Structures are given as structure tokens and as C-alpha cells.
Amino acid sequence: MTTDRRALREVVDSPGFRGLMAVRLSGQFADGLFQAALFSAVFFNPERATSAGQAAAAFATLLLPYSVVGPFAGVFLDRWRRQRVLVNANLARSSVIVVFAALLMLQGPTAPAVVALALVVVSANRFILSGLSAALPHVVEAKRLVTANSVSSTLGAGAAAAGGAAALGLRAVFGDDDTGAGRTSLVAAGLYVGSALLARRLGRDQLGPDQTARGSLAAALKGVARGVREGAAHVRERGQAGRGLAAIAAHRFFYGLSFVATLLLYTEQGALHRGFAGLGQVIVVSVLGGLLAALVTPRVTRRLGTQRWITFVFALAAVVEVAFGAPYTHGFFLIAAFFLGFAAQASKICVDTLVQEATEDVFRGRVFSFYDTLFNLSFVSAALASAFLLPPDGKSYLVIAIVAIGYAVTALTYGIASERRAAFEPPEPVVV
């Protein structure tokens, strides 16, 4: 049996991993449904014309609040049983979506109450994903984390894309107006309940934390800023993880610019004029690229090393952005989406593993909440930059150049720093 097959079998044979994956896949499928319902109501409603500025405002409204509360969420992930977090958070967001759907159908997506409830749901999504990442080292061996991250993050992204595709089908059944989006959201609410029931099947103490933080919760919340500094110092002392977070933040910014541009290109007034169906095709091929990354990353990291693979995929993204983004045709965009999806997933698998390996369990919840916060802030920064850089139709050669050069500089800087520090740091986590 090959090393790849043996590693995959060992991961999949773990009952804890299968249980955690069931929670992740059901939840992320529902995430795809819910997010697609939001997108169809806001961006692809023919009665609403969306500019880059409006897109930036929408993403900032949805993502910035969690960027503020994320570090506080990490305190809870390090104090509460993570199994109970998965159960209760799924039930909570299901209840919120029921109210959200009713108000969406009555008041539309721009009503303050609707926006506020959407914030709660999105924040719960990120909180749960942080919990799943923090729990993963409890259900697989450390030497299998690259493979486990390849499987879990990639299949999770695939589940979210499948949820988005299902939303496209439900759009045809329920309608493409706010009422249809609300009904699709209700389907997502039912799936979140199912995810909570699956989480109940896991052991109460199975997902950690092994040792809960000492002291009162009030003191812990007051000490969040200090905890974030301590967590950052904890990661910075382990240079591989710190560099990985810096690189993934840069990637998220450039990926965010590409995403907003693509979104605008496929709206009714966009340069490609292909609407929601065209964007769906881009998302599907991007997921396929991520699936390929999951298959090859464990094998490649054994030969190149985790950090060299990150350098390579960012360099690949730079070339792809110019070669297949600049022509501005739907066919070339599908090719670009495939390879950018590959680079995004490959780099995330590697950085997740570097952070999991470097972080002690007592810090892990806070570190992954910080990781998510960094992810969100980078994307929001990209969305805000797009408001100044992108025209209403999404077509901009300047943005293509910024993204390509940005990926190239990130690859070069990260590669040089990793090579220089290699002799002073422990061996990279790879599949053996």
C-alpha cells in the first residue's frame, strides 16, 4: 500500500475524525445554501444594481463584526467543551435563521434587523469553523495532520459549493426574489439542526480542551487583549506558523480583490453578462481545483516540504492571474478559477497544519479565532480597496496587475524567509 493511501486510511478509519467530518460537511453544506441565498437576494436580484462600493460595504458589514468578537470567541473555545460548542452554536444559528428568513421575506435584505441577524449567522459560522480546526488534533495523530487538513478543509469547501449549487436549484423552485431566498434560508436552518444532532454523537470531552484556562470567565474576557498578544507571541516564537499566517493574510487580500472583481463581472451589468449561473460555474471549477490540491498536497509536501509548496503555489497564482485573467473571457476565467482554487486550498492546508503543530492546545482556540479574524480583515481590506479600484462592470487591468505582482512578491518574500530560517527551526510537519 502506498504512503498516501496508508495515511488517508489511517485518518478516515478514526471514528472521531469521521464524526467531526459529518458535523463539518452538514454545516458547510448549509453555509453554502445560506450564503447563496444572501448573494442571490443582494447581488443577483435584477432590481438591484451593485457597484464595487456597495459590494465592499456588504462584505464589511458581514465580516467586520466577527473580526472584533473573534478573539473573545477564542476565549470560550479554550474554556468550554468544544463538542458542546458545536451542538449549541448550530442550534442557535438555526433559530436565528428562522427569524432572519421571515424578516427577509417581509422587509428585504437591506433592513437593519435583517442585516443584524445575518451578522449573527455569519459570526456563528466562523466560530464553529474555528472550533472544528481547534478540535482536529484531538481526533488524528500529529503526523497525519496534513492529510487530515487536506480531507477536512477541501471536502468542507466542496460541501459549501454543493450547498450553493443546491441553492441554485431551489432558486428555480422557490423563485429568485426575497421570498425565494428566505425559503432557501429555512432549508439551511433545518440542516443546521441536523449538524447539531451529529455533534451530539461525539464524546463530551473528545474534542478538548485538555486543560481549561484558569481563572474566572470575566477575568478572561477582560484579558482578551493580553491573551491575543500572548497568542501572537506564542505563534511568533514558532516562526513557521507566524510566517504562514502572514503569507495566508496576504493571499486572502489578493484573492479577495479577485473575488469581488469576479462577482461584479457576472452581475447583470458586469462585463461578462452571465449572471448567477455563470458565477456558479466559476465556483464549481474553483472547488475542483481545491479537490486536486487535497489529493496532491500530502504527497508533494513529503518531497518539497510544506513551506516550499506554499511558495510554489503562490508563484503559480501570480502566473495564472496574468495568463488567464487578463483576456477577460468566460472560458479563460474558468481556467483561472481552477488554478486559483488549487493555490488557495493547497496553501490553507499547509498553513492550518503549521499552526496546529506549533500551537499548544491551551492556546489553540484563541489562535484559530485570531486566524479567522486575520482572514476576515484581509478580505474586508480587499473589498474596501476594490471600491476604489474596480469599475461597476468589474473589468480592470490594474487589479489584474496588482494581484499578480502581489502573489509574486508574497511567494518571493515567504520563500526567502523560510529558507533562511530553516536551519534554526524544527522539521516541518509532513506526512510520513
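The values are calculated or read from the model by the stated rules, or taken from the named source; none is laboratory data. These numbers were taken from a predicted model, which means no experiment stands behind them. Cβ coordinates were reconstructed from backbone atoms using ideal geometry, including for glycine residues, and neighbour counts include every protein chain displayed.
Residues that are at pLDDT 75 or above and more than 22 Å from LEU197 (Cα to Cα): does region 84-91 have at least one? Break it down stepwise before answering.
So the first thing to find is which residues in region 84-91 are at pLDDT 75 or above, and the list is 84-91.
Now drop any that are not more than 22 Å from LEU197 (Cα to Cα), which leaves none.
Within region 84-91, not a single residue is at pLDDT 75 or above and more than 22 Å from LEU197 (Cα to Cα).
Pick from GLN107, GLN83: which is without any contact (Cβ under 8 Å) to a residue 24 or more places away in the chain and either under 20 Å from VAL23 (Cβ atoms) or not aromatic (Phe, Trp, Tyr) (or both)? Before the answer, list the steps.
On the way: GLN83 fails: without any contact (Cβ under 8 Å) to a residue 24 or more places away in the chain.
From the options GLN107, GLN83, the qualifying one is GLN107.
Report yes if VAL284 is surrounded by fewer than 21 Cβ atoms within 10 Å (Cβ to Cβ), part of a helix (DSSP H, G or I) and within 18 Å of the chain's Cα centre (by Cα), otherwise no.
Details: surrounded by fewer than 21 Cβ atoms within 10 Å (Cβ to Cβ): yes; part of a helix (DSSP H, G or I): yes; within 18 Å of the chain's Cα centre (by Cα): yes.
For VAL284, the condition - surrounded by fewer than 21 Cβ atoms within 10 Å (Cβ to Cβ), part of a helix (DSSP H, G or I) and within 18 Å of the chain's Cα centre (by Cα) - is met.
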Please specify each residue of region 392-432 satisfying the condition of being at pLDDT 95 or above, of a type in the set (A, V, I, L, M) and buried (at least 16 other Cβ atoms within 10 Å of the Cβ).
VAL399, ILE400, ILE402, VAL403, ALA404, ALA408, ALA411
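Listed here are the residues, each with its yes/no results for (1) in contact (Cβ under 8 Å) with a residue 40 or more places away in the chain; (2) within 20 Å of LYS395 (Cα to Cα); (3) surrounded by fewer than 19 Cβ atoms within 10 Å (Cβ to Cβ).
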{"residue": "ALA317", "(1), (2), (3)": "yes, yes, no"}
{"residue": "ALA326", "(1), (2), (3)": "yes, yes, yes"}
{"residue": "LEU334", "(1), (2), (3)": "yes, yes, yes"}
{"residue": "ILE349", "(1), (2), (3)": "yes, no, no"}
{"residue": "THR353", "(1), (2), (3)": "yes, no, no"}
{"residue": "GLN356", "(1), (2), (3)": "yes, no, no"}
With the condition kept exactly as written, say whether any residue in region 171-183 is of a type outside the set (S, T, N, Q), part of a helix (DSSP H, G or I) and under 30 Å from SER347 (Cα atoms).
no
Odd one out for ALA56 among (1) under 20 Å from LEU377 (Cβ atoms); (2) at pLDDT below 75
(2)
Checking the conditions here, which among VAL120, VAL114, VAL99 is surrounded by fewer than 16 Cβ atoms within 10 Å (Cβ to Cβ), of a type in the set (Val, Ile, Thr) and either touching a Pro at 6+ places or on another chain (Cβ under 6 Å) or free of Cβ contacts under 8 Å to residues at least 40 places away in the same chain (or both)?
VAL99
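Just checking, which of THR212, THR154 is outside any helix (DSSP H, G or I) and either among the aromatic types (Phe, Trp, Tyr) or at pLDDT below 90 (or both)?
Values: THR154 fails: outside any helix (DSSP H, G or I).
Selected residue: THR212, the only one of THR212, THR154 that is outside any helix (DSSP H, G or I) and either among the aromatic types (Phe, Trp, Tyr) or at pLDDT below 90 (or both).
Can you tell me which residue is modelled with the lowest pLDDT among those in region 339-375 that are of a type in the set (Ser, Thr, Tyr), in a helix (DSSP H, G or I) and under 24 Å from ARG229 (Cα atoms)? Let's see the steps before the verdict.
First pass over region 339-375, keeping only residues of a type in the set (Ser, Thr, Tyr): 347, 353, 359, 369, 371, 373.
From what is left, the residues that are in a helix (DSSP H, G or I) are 347, 353, 369, 371, 373.
Checking which are under 24 Å from ARG229 (Cα atoms) leaves us with 353, 369, 371, 373.
On the way: THR353: 85, SER369: 72, TYR371: 81, THR373: 78.
Of everything passing the filter in region 339-375, SER369 is modelled with the lowest pLDDT.
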Evaluate the following for ARG252: is it in a helix (DSSP H, G or I) and at pLDDT below 90?
no
Looking only at residues in region 255-271 that are touching a helix residue (DSSP H, G or I) at 6+ places or on another chain (Cβ under 7 Å) and in a loop (DSSP other than H, G, I, E, B), which one is modelled with the lowest pLDDT?
GLU268
Mind listing whichever residues of region 267-321 are more than 21 Å from VAL355 (Cα to Cα), of a type in the set (Ser, Thr, Tyr) and touching a Ser or Thr at 6+ places or on another chain (Cβ under 7 Å)?
THR267
Show the residue pairs that are 6+ apart or on different chains and have beta-carbon atoms under 6 Å apart, the first residue being within region 251-274 and farther than 12 Å from ALA337 by Cβ and crowded, with 20+ Cβ neighbours inside 10 Å, the second being hydroxyl-bearing (Ser, Thr, Tyr) and modelled with pLDDT under 90.
THR267/THR50; LEU272/TYR266
Can you give me the number of residues within region 376-391 that are in contact with a Leu (Cβ under 9 Å, 6 or more places away or on another chain) and either surrounded by fewer than 24 Cβ atoms within 10 Å (Cβ to Cβ) or assigned to a helix (DSSP H, G or I) (or both)?
10
Please go through (1) touching an Asp or Glu at 6+ places or on another chain (Cβ under 7 Å); (2) surrounded by fewer than 20 Cβ atoms within 10 Å (Cβ to Cβ); (3) at pLDDT 90 or above for LEU104 and return the number of the only condition it doesn't satisfy.
(2)
So for region 234-247 (the condition being at pLDDT 90 or above, touching a helix residue (DSSP H, G or I) at 6+ places or on another chain (Cβ under 6 Å) and over 20 Å from GLN356 (Cα atoms)), does at least one residue qualify?
no
Flagged in region 359-375 as hydrophobic (A, V, I, L, M, F, W, C), farther than 24 Å from LEU63 by Cα and buried (at least 22 other Cβ atoms within 10 Å of the Cβ), in numbering order, are none
Conditions (1) modelled with pLDDT under 90; (2) in a helix (DSSP H, G or I) -> GLY289 fails only (1)
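Do we have any residue at all in region 2-19 that's under 13 Å from LEU129 (Cα atoms) and not polar (S, T, N, Q)? Walk me through it before giving the result.
Applying the first criterion (under 13 Å from LEU129 (Cα atoms)) to region 2-19 yields none.
Checking region 2-19: not a single residue is under 13 Å from LEU129 (Cα atoms) and not polar (S, T, N, Q).
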Which numbered condition in (1) surrounded by 23 or more Cβ atoms within 10 Å (Cβ to Cβ); (2) free of Cβ contacts under 8 Å to residues at least 24 places away in the same chain is the only one that LEU304 fails?
(1)
In region 166-207, which residue that is closer than 19 Å to LEU103 by Cβ and free of Cβ contacts under 8 Å to residues at least 12 places away in the same chain is surrounded by the most Cβ atoms within 10 Å (Cβ to Cβ)?
PHE174
